[in-house]
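Here the structure is laid out as structure tokens; the discussion comes afterwards.
The values are calculated or read from the model by the stated rules, or taken from the named source; none is laboratory data. Every value quoted in this text rests on a predicted model; they were computed, and no experiment measured them. Every residue, glycine among them, receives a Cβ derived from its backbone with ideal geometry; neighbour counts consider all protein chains shown.
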């Protein structure tokens, strides 16, 4: 049994259990997709897997952030359960809004870790452009997708591209859930909650 609590991926047994789940029907096409990126980019753990506790190919809501952080590389998953404060914030915000996890999926506009062994760096335009083709490929794997939430300015750099290509999808923007942004001013947390509430409404689960 996998514990769905903040920072649970700090536990090796949890990571092993999720690794076994990567072959489940709902997530296997995404596991194959990740391996494809690794092969094409000549990378390995720098491209973490999707979290099998999320909705996989059945997801209706795609959460896009910037790039995997060091903890995602260490755990092997892009997950709200990673042992860092950004993931903890994201977990708690989703709990507060109460969007069913199985309807969501988390990914990054740059699917691979960028930076050195010591520190991640900010995504540059060339990184985002290189990742864009994979964002399109991912969306093609999500036939039930209804909306995309772009967290932070780096993810929002592809908003126009997505709006132009996917007329049937609702594109929502939100501040990034990292402590640096959340703690800067109260309005940032409120804006994140507001964006998640709108995503929930677009899924037919909330009220206008």
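Looking at the structure I just gave you, is residue 172 in contact with a strand residue (DSSP E or B) (Cβ under 9 Å, 6 or more places away or on another chain), modelled with pLDDT of 95 or more and within 20 Å of residue 67 (Cα to Cα)?
Details: in contact with a strand residue (DSSP E or B) (Cβ under 9 Å, 6 or more places away or on another chain): yes; modelled with pLDDT of 95 or more: yes; within 20 Å of residue 67 (Cα to Cα): yes.
Against the criterion (in contact with a strand residue (DSSP E or B) (Cβ under 9 Å, 6 or more places away or on another chain), modelled with pLDDT of 95 or more and within 20 Å of residue 67 (Cα to Cα)), residue 172 qualifies.
Can you tell me which of 43, 53 is more than 20 Å from residue 196 (Cβ to Cβ) and surrounded by fewer than 24 Cβ atoms within 10 Å (Cβ to Cβ)? Show your work before the answer.
Values: 53 fails: more than 20 Å from residue 196 (Cβ to Cβ).
Of 43, 53, the one residue that is more than 20 Å from residue 196 (Cβ to Cβ) and surrounded by fewer than 24 Cβ atoms within 10 Å (Cβ to Cβ) is 43.
When the residues of region 2-17 are filtered to those that are touching a residue at least 40 places away in the same chain (Cβ under 8 Å) and assigned to a helix (DSSP H, G or I), which remaining residue is surrounded by the most Cβ atoms within 10 Å (Cβ to Cβ)?
Per the criteria, the residue is 9.
Residue by residue through region 67-91, note down the ones that are assigned to a loop (DSSP other than H, G, I, E, B) and closer than 20 Å to residue 190 by Cα.
Kept after step one, since they are assigned to a loop (DSSP other than H, G, I, E, B), are these residues of region 67-91: 67-69, 76, 79-84.
Within region 67-91, just 80 meets the criteria.
Tell me which residues, restricted to region 88-108, are touching a helix residue (DSSP H, G or I) at 6+ places or on another chain (Cβ under 8 Å) and closer than 15 Å to residue 193 by Cα.
89, 93, 94, 96, 97, 98, 99, listed by residue number.
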